[in-house]
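Enquirer: Pasting a structure below so you can have a look.
The values are calculated or read from the model by the stated rules, or taken from the named source; none is laboratory data. Just so you know, these numbers come straight off a predicted model, no measurement behind them. Please note: Cβ atoms are built from the backbone with ideal geometry, for glycine as well, and neighbour counts cover all protein chains shown.
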Amino acid sequence: MITIRNVSMVMSLLAGGLGMAPDASATALDATGLINTYNAIVFNNVTSTSHVDGSTLVGGEVKGGTYGQNVNLANTALTVGKSLSGSVDLNAAGLIVGGNIATSGLNANRGGNIYVGGNITSGFNANFNGFGSLYVVGSVTNGTVNANGGSAYIGGTIYSGAGVRTNGGGSLLVGSSLPSAQIPNVAAEISAARAALTAYSGQLSKLATDSTISNKNGTLTFTATPGADGVAVFSINGADLLNNSKQIDFSLNGAKEAVINVSGIGANSLTLGANFIGGSAQKLGTNTVWNFTDAQNINIKNQFGGTILAVLANISTSQNIEGTVIANNLNQNGEIHYNGQNTNMVSAVPLPAALPLFGAAILGLGALGYRKRSSDAA
């Protein structure tokens, strides 16, 4: 049987070998594919003063941040459903913005196409260096856009006082119909991602608990008793246990993956400030999923280990997270590190046919090189 991940790779090989542009509806990523491809998936808005190691997918607005710091498995460092503002750096190739770019400063440092579904209302530098072009459905209303080494296709106009420079021999086409045909359907991707990840959270919540948690003087010890499939399942009900914990220790006992189902939080504020003993936070980033089934408000106050699957939650961070983050909204003031692919994750329930996710179609061969990378991001 061909899995979603293998289909994605086949599509990438074909696209790369034949010189094809990414097909926005070629195939779909299931929940585990999404978690392995993106380092952060946020259904609504992101405000950031820090960086995300890998690719980021956001349904609403993004204000600030650095994206694609070390990894770009989606071949697009940042995908935004609505507007992009604040000071933004892209340290990997590719940007998709469904609405306007209104940044105080945007530096696209690694080429790749830039797609803008609305207008550009501020100037920025895009260093294409012959690798990628700028596609703007609307107009350039303010500032100077430097498309260094690439071409620029503007669907609307360039207002008086604004400018687009194609430094390095690229073409400039104003009033072009090409951008409208090129812009991916970000809203459809986000909708499908939310559906897949919400279903996955529900699936994990139904796994039978087989492992134990003990609490001694504020130290939580997770002792795994993995099943025949190598998965250890823990359960926590209520916020008190996590809110009052000071340290977290894990004994995985050969488990290839740990699933921690956390329920009973609801609208109560959940603060995660415990210290992960023995530097275990980074190790847990590759094999542990914290499934916050109903939490609406989560504050990360200390380095946290493991993928955070919190489809309903507004997450605030002041320290680093080792693993993928899935949230409703994100206020990011700590780094999000990509520790390597979660290759042993519980398989997701198959998606309905033809959900219009374009992410899987643009997975590059670079994915093969990052399976074992460490989380020592700057």
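Enquirer: Enumerate the pairs (first residue in the range 66-77 and assigned to a loop (DSSP other than H, G, I, E, B); second residue anywhere and of a type in the set (G, A, S) and surrounded by fewer than 24 Cβ atoms within 10 Å (Cβ to Cβ)) with beta-carbon separation below 6 Å, excluding pairs fewer than 6 apart on the same chain, so at least 6 apart or on different chains.
Expert: From the range 66-77, the pairs are Q69/A377; N70/A377; L73/A367; N75/G364.
Enquirer: Give the number of residues within the range 313-340 that are touching a helix residue (DSSP H, G or I) at 6+ places or on another chain (Cβ under 9 Å), part of a strand (DSSP E or B) and small (G, A, S).
Expert: Result for the range 313-340: 0.
Enquirer: Being over 20 Å from H51 (Cα atoms), aliphatic (A, V, I, L, M) and buried (at least 19 other Cβ atoms within 10 Å of the Cβ) narrows it down to one residue among V145, V88, V97, V174; which is it?
Expert: Step by step, each of V145, V88, V97, V174 is checked, and only V145 is over 20 Å from H51 (Cα atoms), aliphatic (A, V, I, L, M) and buried (at least 19 other Cβ atoms within 10 Å of the Cβ).
Enquirer: Another question about this same structure. List the residue pairs whose Cβ atoms are under 6 Å apart, where the first residue sits in the range 206-232 and is free of Cβ contacts under 8 Å to residues at least 12 places away in the same chain, the second is not small (G, A, S), and the two are 6 or more positions apart or on different chains.
Expert: From residues that are free of Cβ contacts under 8 Å to residues at least 12 places away in the same chain, the pairs are S214/T221.
Enquirer: While we're here: Which ones in the range 114-146 are in contact with a helix residue (DSSP H, G or I) (Cβ under 8 Å, 6 or more places away or on another chain) and either of a type outside the set (A, V, I, L, M, F, W, C) or without any contact (Cβ under 8 Å) to a residue 40 or more places away in the chain (or both)?
Expert: Y115, G117, Y135
Enquirer: With respect to F304, is the statement that it is of a type outside the set (G, A, S), buried (at least 22 other Cβ atoms within 10 Å of the Cβ) and modelled with pLDDT under 50 true?
Expert: Spelling it out, it is not the case that F304 is of a type outside the set (G, A, S), buried (at least 22 other Cβ atoms within 10 Å of the Cβ) and modelled with pLDDT under 50.
Enquirer: I've got another one for you. Kindly indicate whether any position in the range 254-261 is in contact with a strand residue (DSSP E or B) (Cβ under 9 Å, 6 or more places away or on another chain), in the same structural domain as Q303 (by TED's automatic domain parsing) and of a type in the set (D, E).
Expert: Yes: one or more hits.
Enquirer: Same structure, new question: Is it the case, given these coordinates, that A187 is part of a helix (DSSP H, G or I) and closer than 30 Å to F234 by Cβ?
Expert: When the stated conditions are applied, A187 does not pass them.
Enquirer: Right, another one. Would you tally the residues in the range 208-246 being in a strand (DSSP E or B) and either small (G, A, S) or in contact with a Gly (Cβ under 7 Å, 6 or more places away or on another chain) (or both)?
Expert: The qualifying residues number 4.
Enquirer: Which of the residues belonging to the range 265-279 are of a type in the set (G, A, S) and over 26 Å from the mean Cα position of the chain (by Cα)?
Expert: Within the range 265-279, G278 is the sole residue that qualifies.
Enquirer: For the range 37-56, check the following and say yes or no: at least one residue is surrounded by 24 or more Cβ atoms within 10 Å (Cβ to Cβ) and assigned to a loop (DSSP other than H, G, I, E, B).
Expert: Taking every residue of the range 37-56 in turn, at least one turns out to be surrounded by 24 or more Cβ atoms within 10 Å (Cβ to Cβ) and assigned to a loop (DSSP other than H, G, I, E, B).
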